[in-house]
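All remarks here apply to the structure that follows.
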Amino acid sequence: MRELLLCPPDYYGIEYEINPWMSRARGTESELAKSQWEGLRQALASLDSKIELVPPQPKLPDMVFTANAGLAVGRKFIPSNFRYPERAGEAPYFRHWMEEHGYETIWLPDNLYFEGEGDALFSNDILFCGYKFRSDIQSHRAVGELLRCLVISVELADPRFYHLDTCFCPLPDGSVFWFPNAFDEYGQRAIRAHVKELIDVEEEEAKHFSCNAVVLGRDIVLPEGAPNLVKTLANRGYQCHELPMSEFIKAGGACKCLTMFLPQREAVE
Ligand code: ARG
């Protein structure tokens, strides 16, 4: 059974703009956000998972996006060094929670930006890491050394897909579904060279954050709006659970960003 970390949306809202999806003028509907988040929590809880909750904090509206808390592998936890000061205040709360739950915290040098599981996803034993908009490429080497695993760094090329988990989703059979144009040419080549099977998501569906999915064995929880992808995944034996996520997409996130794996996987060695 997988353990997942979520953060209730009590203080969620659009209070600043740090990615192209966010508009303070437009804002979010907080009651609708609460019910969408509750829908996610229930969908995940009904699958093979145990949900843990970190207490939300006032004035940290993006704390709901726990994928950016850091990266947990085995009993090690590498906290994020957030690029934007607007989110940096989240780090001590996540660290505290992880230490209370038995994780050993290992900080990266504080001059290296790193936004956790949002930019770092394992496919088999390879840790794919995205960089440019949020994480620094230099942080990847440090993460690889700490975890003693092979890291493939890929540059993100489209500001709408500013974290790796917005455009890249590994599946347990070793395949990955992804939106290729979110990566520069070299990144696309690196991914093609290291992933045995790739499922391309068309732009119209990728725009609905359909790669931002939580995969629990054969179950995939993803935002609604990707009928073709859902068909493809169903043909491969996956069961998709499509959820309304409009209020979180307004902040540039959806199902996966709202979830961190505890841990993402066991230690590599
Ligand atoms: N508003 C948040 C930010 O810009 C959204 C984070 C989404 N998280 C993710 N893992 N893609 O930081």
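The values are calculated or read from the model by the stated rules, or taken from the named source; none is laboratory data. Computed from a predicted model, the values in this text were never measured in an experiment. Please note: Cβ atoms are built from the backbone with ideal geometry, for glycine as well, and neighbour counts cover all protein chains shown. The area values use the complete protein model at the heavy-atom level, side chains included, leaving out ligands, DNA and RNA. Shrake-Rupley method; radii C 1.70, N 1.55, O 1.52, S 1.80 Å.
Could you size up the charge dipole of the range 78-123 around its Cα centre, putting +1 on the beta carbon of Lys and Arg and -1 on that of Asp and Glu, and report it in debye to the nearest 20?
About 100 debye.
Charges only on Cβ, +1 for Lys and Arg, -1 for Asp and Glu: so what's the dipole of the chain about the Cα centre, in debye to the nearest 20?
Dipole size: approximately 180 debye.
Run down the lysines and flag those whose C-alpha is under 22 Å from the C-alpha of LYS50, throwing out any fewer than 8 positions away in its chain.
Those lysines meeting the cut-off are LYS34, LYS76, LYS256.
Express as a percent, rounded to the nearest 5, the fraction of DSSP beta bridges in the range 1-123 (both residues included) that run antiparallel.
In the range 1-123, approximately 40 percent of DSSP beta bridges are antiparallel ones.
Report, in order of residue number, the helices in the chain meeting two criteria: a C-alpha extent of 18 Å or more along the helix axis, and a mean Kyte-Doolittle hydropathy of at least -1.0; treat each whole DSSP H run as one helix.
30-46
If I stretch the segment between VAL268 and TYR84 completely, what's the gain in nm (0.36 nm per residue apart, minus their alpha carbon distance), one decimal?
63.2 nm
Go ahead and run the numbers for FRET between ARG24 and GLU3, Cβ-Cβ distance against an R0 of 30 Å, rounding to 0.05.
0.30
What value in Å³ per residue do you get for the convex hull of the alpha-carbon atoms in the chain?
Per-residue hull volume (Cα only) is 110 Å³.
Tell me whether the range 135-184 comes out rounded, prolate or oblate; compute the Cα gyration tensor, take square roots of the eigenvalues as a ≥ b ≥ c, and use a/c under 1.5 as the rounded threshold.
Oblate, because a/c is 1.5 or more while a/b does not exceed b/c.
Taking amide H positions as placed 1.01 Å from N in the peptide plane, with prolines and chain starts having none, which residues 5 or more places from PHE183, or on another chain, fall under 5 Å of its amide H?
Long-range HN contacts for PHE183: ALA157.
Keeping the other protein chains in place, figure out the carbon and sulfur percent of the accessible area of the range 1-129, with a 1.4 Å probe.
48
Rounded to whole Å, give me the distance from the Cα center of the range 121-186 to that of the range 207-238.
Going from one Cα centre to the other spans 19 Å.
For the range 84-202, give the share of DSSP beta bridges that are antiparallel, in percent and rounded to the nearest 5; count only bridges with both residues there.
Taking every DSSP beta bridge with both residues in the range 84-202, the antiparallel ones total about 45 percent.
Starting from the amide H of PHE128, placed 1.01 Å from N in the peptide plane, find each other amide H under 5 Å away whose residue is 5 or more places distant or on another chain.
LEU121, PHE122, SER123, ILE152
Which whole-number percentage describes the relative contact order of the range 131-269, with Cα contacts under 8 Å and a sequence gap of 6 or more?
20
Per the Kirkwood treatment, what hydrodynamic radius in Å, one decimal, follows for the range 1-151 from the mean inverse distance over all distinct Cα pairs?
16.3
Based on the Cβ-Cβ distance from HIS194 to LEU32, what FRET efficiency comes out when R0 is 35 Å, to the nearest 0.05?
0.30
Could you tally the net charge around SER175, taking each other residue with its Cβ under 10 Å from the Cβ of SER175, Lys/Arg +1 and Asp/Glu -1?
0
For the range 83-134, calculate the relative contact order in percent as a whole number, restricting contacts to Cα pairs under 8 Å that are 6 or more residues apart.
Once normalised by length, the contact order is 28 percent.
With the chain treated as a Gaussian network of Cα nodes joined by springs under 10 Å, which of ARG148, ARG83, ARG41 yields the largest mean-square fluctuation?
Result for the chain, Cα springs under 10 Å: ARG148 fluctuates most.
Quick check: with the 1.4 Å probe, what order do PHE122, PHE77 take by accessible area, largest first?
PHE122, PHE77
Considering only protein heavy atoms, what per residue accessible area in square angstrom results for the chain with a 1.4 angstrom probe?
41
Give the calculated FRET efficiency between SER46 and ASN111 to the nearest 0.05, with a Förster radius of 51 Å applied to their Cβ-Cβ distance.
0.75
Taking Rh as the Kirkwood radius computed over C-alpha pairs, what is the Stokes-Einstein D of the range 1-44 at 20 °C in a medium of viscosity 1.002 mPa s, expressed in µm² per second?
After rounding, the answer is 178 µm²/s.
Along its principal axes, what span do the Cα atoms of the range 172-269 show, with the longest given first and each in whole Å?
So the three principal-axis extents are 36, 31, 29 Å.
For the range 77-134, what does the alpha-carbon gyration tensor say about shape, rounded, prolate or oblate, given a ≥ b ≥ c as the root eigenvalues, a/c under 1.5 as rounded, and a/b over b/c as prolate?
oblate
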